[in-house]
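Since every read-out is calculated from the coordinates, none of them should be taken as a lab result. Keep in mind it's a predicted model, so treat the numbers as computed, not measured. No Cβ is skipped: glycine too gets one built from the backbone with ideal geometry, and neighbour counts run over all protein chains shown.
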There are 2 protein chains.
Amino acid sequence: MDFTELLEKRRAVRDFEDRTVPLEVIKAIIADSIKAPNASNRQPWKFIVVNNKAMLKRISDASKKVIIAGIEKDPNSPMKGYLDTLKKEDFNVFYNASCAVIIVAPLKGATIAQDCGLLAAYFMLSAASRGLGTCWIAQGAEARDPELLAELGLPEGYRMWAPLILGYPKAIPPMPDRKEPDILKIIT
Amino acid sequence: MDFTELLEKRRAVRDFEDRTVPLEVIKAIIADSIKAPNASNRQPWKFIVVNNKAMLKRISDASKKVIIAGIEKDPNSPMKGYLDTLKKEDFNVFYNASCAVIIVAPLKGATIAQDCGLLAAYFMLSAASRGLGTCWIAQGAEARDPELLAELGLPEGYRMWAPLILGYPKAIPPMPDRKEPDILKIIT
């Protein structure tokens, strides 16, 4: 599969077959992902592998609690319309995924967010090249329950940056529309 | 070229052949890059194409001025050892590149930095798949001279996030060492 095909194949997937992702496959994708460019080759990232639906449900519940509290505190929250969905007991921010790899990195640092973006892109493309689907679930990173975070092995001073769900897609959804690239200026 | 080969081929390149990158090639790489996943498909990015060595030198000089002032103001700056290099008139943060694509995006926004990281990864891989080399030159984004930024077409409320130099590599450097992936926990 060449890169152009891979770009078409890498779609946000939220609906997976009921099939476990083998740990060797997860490790191979992680090994690809760390080849991502990053600021001064500091490689600030660490990984938590959650190949367990019940644990993902717990992370989802803890994250929803934080998000709901945030919306309820802010009468102008742009996420207000989303509150009813979030409050549904059976709404899981990770959808029906049974596997997620959580990219964690230091809480602070001028280039951490960009580095995590670079790594996540590599991760998602590597997964797609192996026939797996992914989706970055930013909402799943909101959990702040100290006991849960300790159970996940999150080190002091670190946060979850990118929970990436992973699995065998039931279908590859079409690409959502993209705007024409906005090239502000061409200086030759 | 499959994805594994592409990962080996995508290296930080700072030394380019003296050959102009055709605008169609630059546009094709940009068109690939915007297929990157991004928060809520908001696609916050815009592009400035600088295919002109003299303009890159001006951006480099304006950026160096800001970086040098920052180091001189902070006696504990971690970049202190870099001051002599920066002060050399002929040191250009873009090296000998004659082309850069500058990814610009809003100054503020919780997911902007990650989105730019995702886009930049796509851009660099697309360039590598076409035989071109790239390097993210964070230092080139420091220019704050209002006249220069206006000349570049930078909109109000936006900043340069990722200046990516682009060209035909003189050589593909070897991959710098990577740490073994630090998997903190595997929950099955």
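A few points about this structure:
- Peptide B:33-41 has a mean of 5 when you count, residue by residue, the C-beta atoms of other protein chains within 10 Å of its C-beta.
- Note on chain A: helix-only mean residue ellipticity at 222 nm, from DSSP H runs of 4+ residues weighted -39500 (n - 2.57) and normalised by residue number, equals -11000 deg cm²/dmol.
- Out-of-range pairs (alpha-carbon distance over 31 Å; input A:Lys108/B:Lys185; A:Lys64/B:Lys108; A:Lys73/A:Lys108; B:Lys9/B:Lys108): B:Lys9/B:Lys108
- Rough spin-label spacing in nm, given labels placed 7 Å along Cα→Cβ, for A:Lys53 and B:Asn76: 5.1 nm
- Normalised by 2.2 N^0.38 Å, with N the number of residues, the alpha-carbon radius of gyration of region A:3-167 equals 1.04.
- Take each residue of peptide A:44-54, count the partner chain Cβ atoms within 10 Å of its Cβ, and average: the result is 3.
- Aspartates and glutamates with Cα under 18 Å of B:Lys35, excluding same-chain neighbours fewer than 8 positions away: A:Asp2, A:Glu5, A:Glu8, A:Asp177, A:Glu180, A:Asp182, B:Glu24, B:Asp115
- For peptide A:107-120, the mean count of partner chain Cβ atoms within 10 Å of a residue's Cβ comes to 5.
- The other copies place their B:Ile172 label points at 2.4 nm from this one, listed shortest first, where each point is 7 Å from Cα along Cα→Cβ.
- Computed E for A:Lys179/B:Glu17 - FRET, C-beta separation, R0 35 angstrom, nearest 0.05: 0.60
- Sparse-neighbourhood loop sites, trypsin sites (Lys or Arg not before Pro) in region A:3-73 - DSSP loop, at most 14 other Cβ within 10 angstrom: A:Arg19, A:Arg42
- Chain B Cβ-axis minimum, rotational copy A, residue and distance in Å: B:Gly117, 1
- Sites A:Thr4 and A:Ala171, calculated FRET efficiency, Cβ-Cβ separation with R0 22 Å, nearest 0.05: 0.60
- Using a simple spin-label model with pseudo-atoms 7 Å out from Cα toward Cβ, B:Leu83 and A:Glu89 lie 6.4 nm apart.
- Residue by residue, region B:90-95 carries 3J(HN,Hα) couplings of 8, 7, 10, 4, 8, 6 Hz when phi is fed to the Karplus relation 6.51 cos²θ - 1.76 cosθ + 1.60 (θ = phi - 60°); x denotes Gly or Pro.
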